[in-house]
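Below: the structure, in structure tokens.
The values are calculated or read from the model by the stated rules, or taken from the named source; none is laboratory data. What you are looking at is a predicted structure, and each value in this text was computed from that prediction instead of being measured. So basically every Cβ, Gly included, is an ideal-geometry build from the backbone, and we count neighbours across all protein chains shown. Calculation scope for accessible area: heavy atoms of the full protein, side chains included, ligands and nucleic acids excluded. Shrake-Rupley method; radii C 1.70, N 1.55, O 1.52, S 1.80 Å.
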Amino acid sequence: MTDYKKLGDDYLLKVYNRFPIVIERGNGCRLYDDKGKEYLDFAAGIAVFALGYGNKEFNDVLKKQIDLITHTSNLYYNEPACIAAGEVCRAVNMDRVFFTNSGTEAIEGAIKTARKYAYLKDGSTDHNIIAMEHSFHGRSMGALSVTGNAHYREAFEPGIGNVRFAEFNDLRSVEELLDEKTCAVIMETVQGEGGIYPAEDDFIRGVRRLCDEKGVLLILDEIQCGMGRTGYMLACEKYGVRPDIVTLAKAIGNGVPVGAFAVTKEVADNSLVPGDHGTTYGGNPFACAAVTEVLRQFKEKDITGHVRRLTPVLEAALDELKDKHDIVADRRGAGFIQALELKEPCQTVISRAQDNGLLLISAGANILRLVPPLIINEDDIAIMKERLDKALG
Ligand SMILES: *Cc1c(COP(=O)(O)O)cnc(C)c1O
């Protein structure tokens, strides 16, 4: 039998410390490794597989599209992209969308849009962007430049420049950095990689108000927390906040690589024009067929309602674990993006959970992150609790 771990270690560029598991297939909320061991998956490929693995209707749509056509370039119209564009705009209450292949590219597009919008207003090219400490927006140079984790950025400086970092959930710190040259404030509605910190009501509404007063664009990165994960299509809906630009990826493709940034009409009409931005693969018929089917199933299965109904069950299970185990310092999150903060690094707990048949990931050294498929049921939560209980013990 081929040793895939060794093969991978020999040839894949070493930028990940992978867990010693070779994943072979999935079904619903469960994954199976090459030895046939079953895992309950509370990682979902990093908040991607919202609708679960082996989703027959989803897979059938993909198979059908493969036989029709998978790529056309953006020099022509294609049916799936036109349909998906309308569906995405309606789902997230935006007016225009640009499809990308990843989250980081969605951020690049959002940054370019904000800069062009400001450029058209005053003709200058010295605008700044306010981003948040402990944020994560991706690994390409632009996205990295607005990522508030110096460790990720350091070796790759200089970034795009003119980026200032405010403290998340500290409105004063945003106010202090904002000036007449600020073109955008960018932030996650719920910080993901940074440790699962939801925006506070006053903060996100205050930022929206500041941006309105100063004519600054608000970019909300909903790549991880959006697409139903908090029980709302966009996490910002709960706060009654509408961004000027929103970025999406991860769950929008349910395993097919696709992202998007969507904008209001005001932004669309006053920013990018033909020639300003583009992509070869982005918005291809294969990815867009996936997006439309994802959104169709979201409606059919009332995914956001399901998440809202089960959130108290998930939170109660995690709170019980917190109360029982001294090593757990805190539980926080929103909907199905939850964290247990430990008093020590969480690698041992993650490994023990894996041994017990539960997949979890971290968000920072001490923070266990739970981002399960959005279709988990009460039994799955009970099984998670039992296995995590053992791992914490
Ligand atoms: C994952 C993530 C990204 C980057 O998406 P990729 O598809 O990995 O490029 C950006 N922002 C947030 C909030 C994310 O969670």
Practice prompt. Averaging sequence separations of C-alpha pairs under 8 Å and six or more residues apart, then dividing by the length of the chain, give the relative contact order as a whole percent.
Written response: 23 percent
Item to complete: Please report, in whole Å, how far the alpha carbons of region 185-315 spread along each principal axis, starting with the longest.
Response: 48, 40, 26
Worksheet entry | From phi via Karplus (6.51, -1.76, 1.60), per-residue ³J(HN,Hα) for region 245-253 in Hz, x at Gly/Pro | 9, 10, 10, 10, 5, 6, 5, 5, x
Fill in: Accessible surface of region 57-300, 1.4 Å probe, proportion on carbon and sulfur as whole %
51 percent
Worksheet item: For labels at LYS35 and LEU120 in the simple 7 Å Cα→Cβ model, what's the distance in nm?
Response: 5.8 nm
Practice prompt. Calculate I(q)/I(0) for the chain by the Debye formula, one identical point scatterer on each C-alpha and no solvent, and give its log10 at q = 0.09, 0.10, 0.13 Å⁻¹ to two decimals.
Written response: -0.53, -0.66, -1.13
Response to the item:
For region 57-300, percent of DSSP beta bridges that are antiparallel (nearest 5) comes out at 40 percent
Response to the item:
Here the gain from full extension of LYS56 to ILE83, 0.36 nm per residue of separation minus their alpha-carbon distance, amounts to 7.6 nm
Worksheet, complete the sentence: region 63-191 -> Rg/Rh from Cα coords, Kirkwood Rh, value 1.04
Worksheet item: Which order, highest average first, do 116-129, 348-361 follow once you tally other Cβ atoms within 10 Å for each residue and take the mean per peptide?
Response: 348-361, 116-129
Worksheet item: Applying 1/(1 + (r/R0)^6) with R0 = 22 Å to the Cβ-Cβ distance of GLU200 and GLU133, what FRET efficiency is obtained, to the nearest 0.05?
Response: 0.90
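Take the residue pairs LYS112/LYS214; LYS56/LYS299; LYS6/LYS56 and return only those whose Cα atoms are more than 21 Å apart.
Beyond 21 Å: LYS6/LYS56.
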Item to complete: Would you calculate, for the chain, the mean residue ellipticity at 222 nm contributed by helices, counting each DSSP H stretch of 4 or more residues as -39,500 (n - 2.57) and dividing by all residues, to the nearest 500?
Response: -12000 deg cm²/dmol
Item to complete: Determine the per residue accessible area of the chain with all protein chains present and a 1.4 angstrom probe, expressed in square angstrom.
Response: 46 Å²
Response to the item:
Sorted by chain and number, the residues with a modelled amide H under 5 Å from that of ASN101, at a separation of 5 or more or across chains, are GLY259
Worksheet item: Per residue and in Å³, how big is the convex hull formed by the alpha-carbon atoms of region 103-166?
Response: 69 Å³
Worksheet item: Suppose every K and R has +1 on its Cβ and every D and E has -1 on its Cβ; what is the size of the dipole of the chain about the Cα centre, in Debye to the nearest 20?
Response: 620 debye
Worksheet entry | Top positive-direction residue, dipole computed over the chain with Cβ charges, set VAL267, ILE107, VAL88 | VAL88
